[in-house]
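The values are calculated or read from the model by the stated rules, or taken from the named source; none is laboratory data. Only a predicted model underlies this, so the values are computations on that prediction, with no experimental measurement involved. Please note: Cβ atoms are built from the backbone with ideal geometry, for glycine as well, and neighbour counts cover all protein chains shown. Note: accessible area is taken over every heavy atom of the protein model, side chains too, but ligands, DNA and RNA are not part of it. Shrake-Rupley method; radii C 1.70, N 1.55, O 1.52, S 1.80 Å.
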Amino acid sequence: MVIGIMPATLHTPPRRSSTQAHRSLLVTALLLAASIPTHSLLPHPVDAAQIPFGLTPPLADLAPPSPAYPAAAAAAATTSTDLAGQSVLRYTTRSHDQHSRLLQWAHANNLDVWAAPRGAPCPRPHQDHERPSSTHAPTYSPHAGCIDLRMPANRSTPGSSSATLPLPHEILSFRGAAPLDSPQVLIHDLDALVHSQHHQRLERQRQQPPAALAPHTLDPAWHDDYHSFQEIADHLLDLEHAYPSHARRIQIATTHEGRPIYALKLAKRQPAPPNDGDDDGDGDGELSPQKKNSKKNKGKKGGDKKKKKKKHRKPEPIGIVIAAEQHAREWISTSTSLFFASELLRSALGSPHPQPHPHPGPDPNPNPDPNPAPNPPPSNSDDNDDDDDEPDTRLPSLPWSRKQARRILERFSLTVIPLSNPDGYVHSWDENRMWRKNRQPTTAAGDEAGCVGVDLNRNWGFHFDAGLNPCSEAYAGDKAFDAIETRAMAQYIDDPANGVEGFIDLHSYGQLLTYPYSFSCSEAVGDEEDLLEVSLGAVRALRNVHKRTFTSGRTCEVVGEAGGNAIDWTYSVKWSFSLELRDGGTYGFLLPPEQIRPTGEETGAALVYLLDFIHEREKDKQKSGHHRLQ
Ligand SMILES: [Zn+2]
């Protein structure tokens, strides 16, 4: 399979205004109204995808790590399949300088930085969900931060005398910087936690009653656990078979290791196959010749003209891509995207046959509807067109009604990519639960450390920064879009035939809803009023479901500055958001399966809010003939 290489500069988001100093008064007012500091508030740690490695002070300005720790040994620590003896430490930082020094030190030693948020002290471990609403932030400090580090074996216990890699708080206290406080131990024994969850999953599978082993994957109980690549591929196909008029599994590319990157297209009156995306049956990941031709004229500079042309042609339904798992270990993002897709179909069109089994797991519905309506009858016909005349129904446990679900399927063409990084996912499933990147060779492949893989959310072609070595967990790639996965997604998003107007990127962990830019806070966001307004509304909708507090803001502010981010690239012509799902650090990437369903429910509420908002804005623009970029 060969996909034409996209120019790294395919998109150049327009400079909507000159500097951050011009940040609008309305945005400031919105932030103040929500009691969010204008330079951001961050109550939770975030995904290491957002590490501001590119903007830490130059190495020359920092004291070197001392004593030196062999890079190969550190790389082995972060790439090893053996997690024995490893743990996760949380450092509170009390100044920008301290934060930067610690990050610089961690990257210099090729450590795995799980999270590095700024703007607030660290939440208390194991109580992050109890934190009051972000509308109250008495402890806010613009310079405070929090860094979660996965530490190699024998170096994770504070005070360990046998460590060859010193603990950061023992060395980063020179050149006038305030000494680091001793860390909190977030996860004492990473290996034990991983194995415990693995054995619990096997035990759950053994205990499933035979009825739950039906040949289809559409039982709602399917969402009570994480699933393998093949199980997910089967699930997507089962959805297509159950809802043929609204769902179709397509393949947008084939990975380095030969796995398909599947997507599920959700829209009313799906045109009959063949040949949308790569679903031409040959599995080669190629776009059709027609679509290839449609891209030929889409150069970076001419993109705006093409977009205008497309809009006038037919912008409905609005295309939205919901992507998950650019980072392999963030399993909850995959599960959440699948929950949203399947439950949206079920609530709009009825349960597929056979009827679902009773839910056997922990109570997934802490806020049950006291008067739940029965499921609507299964239907894939056009009889649902006139649902405005029907009484609305709300399915138990879901934060949207049947009518809302139907409207979404009418207004939007949703493309859900549950496994953006299937090679990495399989590796995280079979070999190394903590794997983050994809599995393609790099220029340094074959070296002694065995460092392979690209951090996909650093590989997009906007302000690409190949700053780190290939052994880093955040290695951006040899050049922009040199990863098949990012290239395929970008090509799909950029194809006028798909009508994509929005991109929502699911990650974990950190409980954040952010919007561009990631690469720099000095670049103002022209329509930040819209982005902030919808973000604040979405996190309110999310919080109403299970009381989880999410924070919203520009990625560069609440997370940190980093180039090559997907939502920066898609922002050129799209609505672009990144959601960091549960939790705040208690389990980090190892979120227990009991939290899959509530995470899906609350995230679904946020997604529905985002979609409604986008629809209203796009409708207004169509009425006025005013394109978003004009
Ligand atoms: Zn991520």
Members of segment 544-575 that are out of contact with any Gly (no Cβ under 8 Å at 6 or more places or on another chain), at pLDDT 95 or above and closer than 22 Å to Ala115 by Cα: Asn565, Ala566, Ile567, Asp568
Residue in segment 503-517 that is nearest to the ligand (Cβ to nearest atom), counting only those that are assigned to a loop (DSSP other than H, G, I, E, B) and over 14 Å from Ser552 (Cβ atoms): Tyr509
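Within segment 503-527, how many residues turn out to be buried (at least 23 other Cβ atoms within 10 Å of the Cβ) and more than 30 Å from Leu149 (Cα to Cα)? Outline the logic, then answer.
Taking segment 503-527 as the starting set, the residues that turn out to be buried (at least 23 other Cβ atoms within 10 Å of the Cβ) are 503-519, 525.
The next check asks that each one be more than 30 Å from Leu149 (Cα to Cα); those that pass are 525.
Number of matching residues: 1.
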Conditions (1) more than 16 Å from the ligand (Cβ to nearest atom); (2) assigned to a loop (DSSP other than H, G, I, E, B): number failed by Ala490: (2)
Residue identified as over 20 Å from the mean Cα position of the chain (by Cα) and among the small types (Gly, Ala, Ser) among Ser245, Ser228: Ser245
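I'm trying to understand the selection: among the residues of segment 450-461, which are open to solvent by less than 10 Å² (accessible area, probe 1.4 Å) and more than 16 Å from the ligand (Cβ to nearest atom)? Working first, answer last.
First, pick out the residues of segment 450-461 that are open to solvent by less than 10 Å² (accessible area, probe 1.4 Å): 451, 453-461.
Within segment 450-461, Cys451, Gly461 qualify.
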Hits in segment 576-596 - residues which are more than 14 Å from the ligand (Cβ to nearest atom), crowded, with 24+ Cβ neighbours inside 10 Å and modelled with pLDDT of 95 or more: Ser576, Ile596
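Does segment 536-549 contain any residue that is more than 16 Å from the ligand (Cβ to nearest atom), outside any helix (DSSP H, G or I) and farther than 26 Å from Leu419 by Cβ?
Let us first name the residues in segment 536-549 that are more than 16 Å from the ligand (Cβ to nearest atom), namely 536-549.
After this cut, where a residue has to be outside any helix (DSSP H, G or I) as well, the list is 547-549.
In the following step, the residues that additionally are farther than 26 Å from Leu419 by Cβ were identified as 547, 549.
Yes, segment 536-549 contains a residue that is more than 16 Å from the ligand (Cβ to nearest atom), outside any helix (DSSP H, G or I) and farther than 26 Å from Leu419 by Cβ.
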Qualifying residue in segment 529-542 (condition: among the acidic types (Asp, Glu) and either touching a Pro at 6+ places or on another chain (Cβ under 9 Å) or buried (at least 20 other Cβ atoms within 10 Å of the Cβ) (or both)): no
Failed item, numbered, when Lys619 is tested on (1) open to solvent by 20 Å² or more (accessible area, probe 1.4 Å); (2) within 19 Å of Val525 (Cα to Cα): (2)
